[in-house]
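Here is the structure we will look at.
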Amino acid sequence: MGNTVHRTLPDPSPPARLLATRPCCGPGPERRPVLGEAPRFHAQAKGKNVRLDGHSRRATRRNSFCNGVTFTQRPIRLYEQVRLRLVAVRPGWSGALRFGFTAHDPSLMSAQDIPKYACPDLVTRPGYWAKALPENLALRDTVLAYWADRHGRVFYSVNDGEPVLFHCGVAVGGPLWALIDVYGITDEVQLLESAFADTLTPARLSQARFSACLPPSSHDAANFDNNELENNQVVAKLGHLALGRAQGPPPADAAAAAIPCGPRERPRPASSPALLEADLRFHATRGPDVSLSADRKVACAPRPDGGRTLVFSERPLRPGESLFVEVGRPGLAAPGVVAFGITSCDPGGLRPNELPADPDALLDRKEYWVVARAGPVPSGGDALSFTLRPGGDVLLGVNGRPRGRLLCVDTTQALWAFFAVRGGVAGQLRLLGTLQSSPATTTPSGSLSGSQDDSDSDMTFSVNQSSSASESSLVTAPSSPLSPPVSPVFPPPEPAGIKNGECTVCFDGEVDTVIYTCGHMCLCHSCGLRLKRQARACCPICRRPIKDVIKIYRP
């Protein structure tokens, strides 16, 4: 036999083909990987608390519960599953991982563009879509997969289970990057190799469950809860600031029962005194559009458009007592309107349907009512103080700093404090406690030593601007005293132009009215009322602000 040349026979099997960018058939026994670069976390576009490993496949959140927003370094294809393993889960916070997509290139984002929360901070901007994973599914070693289809629908599955319809309306006309917020109880996540999801047939789509996660409007509540817990940790390290008393450990606050806008009791703001009396609560009588916690220390007004939200103190304020309240929620915007007032009316004798939406409407009642606007509040979570001086002045303080005189009241009768707060999710008021000033801190005239009460720069708050305020609340109300308390009156110099006791304004009427607080008697009653109604009304002699005008009856 001669030499033969060995020849390789052709392989009858078909050549290997690359996978298409999306599947066209039903589910198979094996998950088909995506060819090309596996997704990684973006190295620069991330929250300040995010730490990445050397391969940018694992994201860990350090400190706090937020600032964990991350993105993928490349766009995600349609039907490409973003697969995540929840490596570490830490109980104690509220809420879990938030995830979704964005149409914005993370490479073009600066550190200032990345907020603390994906929900609601990012999802309120155009081009961001994200929601929360139900907390009961956020377990350690859980594998979460989510993807977007060509109809703009986002699905997710847990541990390769049945798909859940998560989101609709995602813009699929351009590239989409994955958005992952390592939030709340989720401490660490790992990006796994991507895979293609199966196209859902109409029959399977009709059987797909809808997501049971928090709706977008509820994300604020989880953010609020976690802010409470974080403040607990911070306050435990920093301690409290005691004003006018020796420092000591703050008393333990009793946990409040769950209410819609504040399910947990927050620590006191550091700017409030540590040694506060906790005996004061809100009265059970309240407006129909406000809710109280079980211990009646927190009042919530969830309607952003207002409503009847009046709440009262359970007992009258004592002269020399300071009332401390926290307005709004830490981390959120300040409430729109906060009204503060004083009344001689016992709230126990009121009916909720009698309480109006506008506190100024109370000035027409026969009782003694005074209303002022305690604002604007700098930010949510600020601590306001209202000090009732023995002389009748009510001083306002914000975060431990005096802001001046808010209003003047009659302290010869029992006086209850009342509030009206609006602002939707920010409309919350929490009673922190009261503080009784010692006699040594008051002067014979009832002034707190070192206060700004004697300055000429009173606060620009609208106090009793309506005609009913001038005539019924402080002057002609049947139950009001004949003369509210006045500052010490010194003999005024005889002004030029006063002849035979003529009014210095109209030069016609007889002088029969004294100005509070300066004490000058230079007006007739009708001119005094007209002058008081003017904005920034002041005495025509000394130019001090007019708080009230009092008619004098000669024998």
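Might you let me know whether segment 79-98 holds any residue that is in a strand (DSSP E or B), of a type outside the set (Gly, Ala, Ser), within 13 Å of Tyr183 (Cβ to Cβ) and open to solvent by 10 Å² or more (accessible area, probe 1.4 Å)?
The answer is yes; a qualifying residue exists.
Residue under question is Asp53, and the condition is that it be without any contact (Cβ under 8 Å) to a residue 24 or more places away in the chain and either in the same structural domain as Val154 (by the TED database) or open to solvent by less than 20 Å² (accessible area, probe 1.4 Å) (or both); does it hold?
For Asp53, the condition - without any contact (Cβ under 8 Å) to a residue 24 or more places away in the chain and either in the same structural domain as Val154 (by the TED database) or open to solvent by less than 20 Å² (accessible area, probe 1.4 Å) (or both) - is met.
Read through the list (1) surrounded by 20 or more Cβ atoms within 10 Å (Cβ to Cβ); (2) at pLDDT 90 or above; (3) in contact with a helix residue (DSSP H, G or I) (Cβ under 6 Å, 6 or more places away or on another chain), then give the number of the only condition that Cys119 fails.
(2)
Are any residues in segment 347-370 in a helix (DSSP H, G or I) and open to solvent by 30 Å² or more (accessible area, probe 1.4 Å), and if so, which ones?
The answer is Gly348, Gly349, Pro352, Asn353, Glu354, Asp360, Ala361, Asp364.
Answer with yes or no whether Val69 is aliphatic (A, V, I, L, M) and more than 21 Å from Asn223 (Cβ to Cβ).
Spelling it out, it is not the case that Val69 is aliphatic (A, V, I, L, M) and more than 21 Å from Asn223 (Cβ to Cβ).
For residues that are surrounded by fewer than 17 Cβ atoms within 10 Å (Cβ to Cβ) and out of contact with any Lys or Arg (no Cβ under 6 Å at 6 or more places or on another chain), tally how many sit in segment 122-151.
The qualifying residues number 11.
Can you pull out the residues in segment 514-555 that are part of a strand (DSSP E or B) and of a type outside the set (A, V, I, L, M, F, W, C)?
Tyr516, Pro545, Asp548, Lys551
Being within 20 Å of Thr72 (Cα to Cα), part of a loop (DSSP other than H, G, I, E, B) and either out of contact with any strand residue (DSSP E or B) (no Cβ under 9 Å at 6 or more places or on another chain) or open to solvent by 20 Å² or more (accessible area, probe 1.4 Å) (or both) is the filter here, so list the residues in segment 152-175 that pass it.
Selection gives Arg153, Ala171, Val172, Gly173, Gly174, Pro175.
For segment 103-116, which positions are open to solvent by less than 50 Å² (accessible area, probe 1.4 Å), assigned to a loop (DSSP other than H, G, I, E, B) and under 17 Å from Gly47 (Cβ atoms)?
Met109, Ser110, Ile114, Pro115
Would you mention how many residues in segment 517-532 are open to solvent by 60 Å² or more (accessible area, probe 1.4 Å) and under 20 Å from Asp410 (Cβ atoms)?
Residues meeting the conditions: 1.
The values are calculated or read from the model by the stated rules, or taken from the named source; none is laboratory data. Since the model is a prediction, treat every value here as computed from it, not as a measurement. No Cβ is skipped: glycine too gets one built from the backbone with ideal geometry, and neighbour counts run over all protein chains shown. For accessibility, only protein heavy atoms count, side chains too; no ligands or nucleic acids. Shrake-Rupley method; radii C 1.70, N 1.55, O 1.52, S 1.80 Å.
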